[in-house]
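Student: Take this structure, written in C-alpha cells, and hold onto it; I'll ask about it next.
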Amino acid sequence: MKQFRILVVDDEERILHFLRSKLRASGYDVIVASDGAEALEKLYTENPDLIVLDLLMPRMDGFEFLHEVRTYSALPVIILSARDADTDKIKGLRLGADDYLPKPFNPDELVARIEAVRRRTRPAPAEKSRDLFTTDRLTIDFRRRSVVVDGEETHLTQMEWLLLSELANNAGRLMLYEELLTRVWGAEYRNDMQILRTWVSRLRYKLEEDPREPRLIRTIPKAGYILDAASS
C-alpha cells in the first residue's frame, strides 16, 4: 500500500529538517521544497497526497503557489505560516486552503490536523443520503457527485462538496455552527467559526444567484445555517 506522501514547502531549512523528521516519525513519506516554484516541480514529479505550505517565500510565495495549484488541483493544503493576521488566514482559505496553522506551532497539533484532513478526503462509506436534491436552480446528484446550477455543471472542491452534502442531506433543518464544523471538519474544529464562514461564502459564490442576498443557504444569526428545502 502506498505510503501517504506530504510535500512540505518552506524557505527555512531548520523548519524543513524538523518537519521532515517529525512527519516521517509519524508514518508519512515526506518531500520538501524551499519555495513555490520548486514546489510546483515537486508537485508534478512526486505526486504528493497533501501539502504543508508556508506563505513568506522567495521566487513564488505561498499565495501565488496556492492560486496556481487551485487552477487544476483539489489537493489538500494546510498553510503553516508566521503571518497570523486574520486577513491572511481568510485570504488563504478563500484561495482554497483546507486549514491554516500559525507559527510558532505545536507539531503534534499539525499531525492531528493532517489526520483530520485525511479523514475528510477518504472515500465516504455508502450513506443514508438521497440520490438527488433539486430546487428551481440547483440539482445535486449524490451518486455522481455532481452539482448543476441553472443548467450548467459547477465544479466544487472536496471541502465544498462535503459541506454542501451535509447541508443538503439535512435540507430544511437548522444546522448549528458547532454541528456543521464537527461533522465536516472534525471535533477539533467545532469552535472555528472563521473557517466555516469562509467556506459557506465560497459555496454561496458558486451557487447563489446573488451571494450578497443568499436564498439557498440562509444564515440564522448566532445559531447556524439552513439549506432551503422549499423547492426540493
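Student: Only Cα pairs under 8 Å and at least 6 apart count here; give the relative contact order of segment 5-121 as a rounded whole percent.
Tutor: The normalised contact order for segment 5-121 reaches 22 percent.
Student: Can you list residues whose amide H is under 5 Å from Ile6's amide H, if they're 5+ apart or on another chain and H is modeled 1.01 Å from N?
Tutor: Hits under the 5 Å cutoff: Asp29, Val30, Ile31, Asp49.
Student: When Ser21, Ser201, Ser165 are ordered from fewest to most other Cβ atoms inside 10 Å of their Cβ, what list results? List each step's numbers first, then the result.
Tutor: Details: Ser21 12, Ser201 15, Ser165 21.
Final ranking by Cβ density, sparse to dense: Ser21, Ser201, Ser165.
Student: I've got another one for you. Got a sec? How would Phe133, Phe18 order by Cβ neighbour count within 10 Å, fewest to most?
Tutor: The most exposed by this proxy come first: Phe18, Phe133.
Student: Which whole-Hz couplings ³J(HN,Hα) result when phi for each residue of segment 93-100 is put into the Karplus expression 6.51 cos²θ - 1.76 cosθ + 1.60, θ = phi - 60°, listed in order with x for Gly and Pro?
Tutor: Going residue by residue, I get 5, 5, 6, x, 5, 8, 7, 9 Hz, with x marking Gly and Pro.
Student: Counting other C-beta atoms within 10 Å, which of Thr157, Thr139 has the fewest, and how do the rest follow?
Tutor: Thr139, Thr157
Student: Okay, next question. Between Arg218 and Glu13, how high is the FRET efficiency from 1/(1 + (r/R0)^6) when r is the Cβ-Cβ distance and R₀ = 41 Å? Nearest 0.05.
Tutor: Computed FRET efficiency for Arg218 and Glu13: 0.25.
Student: Suppose R0 equals 22 Å. What FRET efficiency, 1/(1 + (r/R0)^6) with r the Cβ-Cβ distance, do Val111 and Glu46 give to the nearest 0.05?
Tutor: 0.60
Student: Same structure, new question: Work out from phi, with θ = phi - 60° and the Karplus expression 6.51 cos²θ - 1.76 cosθ + 1.60, the ³J(HN,Hα) of each residue of segment 146-161, listed in order in whole Hz, and give x for Gly and Pro.
Tutor: Those phi angles translate into 10, 10, 10, 10, 6, x, 10, 5, 10, 7, 10, 6, 4, 5, 4, 5 Hz.
Student: Report ³J(HN,Hα) in whole Hz for each residue of segment 180-189, in order, from the Karplus equation J = 6.51 cos²θ - 1.76 cosθ + 1.60 where θ = phi - 60°; Gly and Pro get x.
Tutor: Each residue of segment 180-189 in turn: 4, 4, 5, 5, 8, 9, x, 4, 5, 10 Hz.
Student: Rounded to the nearest 5, what % of DSSP beta bridges with both residues in the chain are antiparallel?
Tutor: In the chain, DSSP labels about 50 percent of beta bridges as antiparallel.
Student: Assuming 0.36 nm per residue, please report the length gained on full extension of the stretch Lys2 to His155 beyond their Cα-Cα distance.
Tutor: Gain in length upon complete extension: 52.3 nm.
Student: Still on this structure, please answer the following. Measure off 7 Å from each Cα along the Cα-to-Cβ vector at Ser73 and Lys103, then give the distance between these two points in nanometres to one decimal.
Tutor: 2.2
Student: Moving on to the next point. Given a Förster radius of 22 Å and the C-beta distance between Arg94 and Asp131 as r, what FRET efficiency does 1/(1 + (r/R0)^6) yield to the nearest 0.05?
Tutor: Step by step, r from the Cβ atoms, then E = 0.10.
Student: Please identify the trypsin sites (Lys or Arg not before Pro) of segment 199-232 that satisfy two criteria: DSSP loop assignment and at most 11 other Cβ atoms within 10 Å. Which are they? Kindly include the intermediate steps, with their values, before the conclusion.
Tutor: Details: sites: Arg202, Arg204, Lys206, Arg212, Arg215, Arg218, Lys222; in loops: Arg212, Arg215, Lys222.
Hits after loop and neighbour filter: Arg212, Lys222.
Student: Return the calculated 222 nm mean residue ellipticity for the chain, to the nearest 500 deg cm²/dmol, obtained by summing -39500 (n - 2.57) across DSSP H runs with n ≥ 4 and dividing by the residue count.
Tutor: Result for the chain: -12000 deg cm²/dmol, rounded to the nearest 500.
Student: Let me ask something additional. Taking 0.36 nm per residue of separation and subtracting the Cα-Cα distance, what length does fully extending Glu179 through Asp141 add?
Tutor: Fully extending the segment from Glu179 to Asp141 adds 11.3 nm.
Student: Checking the a/c ratio against 1.5 first, then a/b against b/c, what shape does the Cα gyration tensor give for the chain?
Tutor: It is prolate, given that a/c is not under 1.5 and a/b is the larger ratio.
Student: May I ask for the angle, rounded to the nearest 10°, between helix 107-121 and the longest principal axis of the chain, with both axes built from Cα atoms and the value confined to 0 to 90°?
Tutor: Helix 107-121 sits at roughly 40 degrees to that axis.
Read-outs throughout are calculated quantities, based only on the coordinates presented, and are distinct from any laboratory measurement. Keep in mind it's a predicted model, so treat the numbers as computed, not measured. Neighbour counts run over all protein chains shown; Cβ positions are idealised from the backbone, glycine included.
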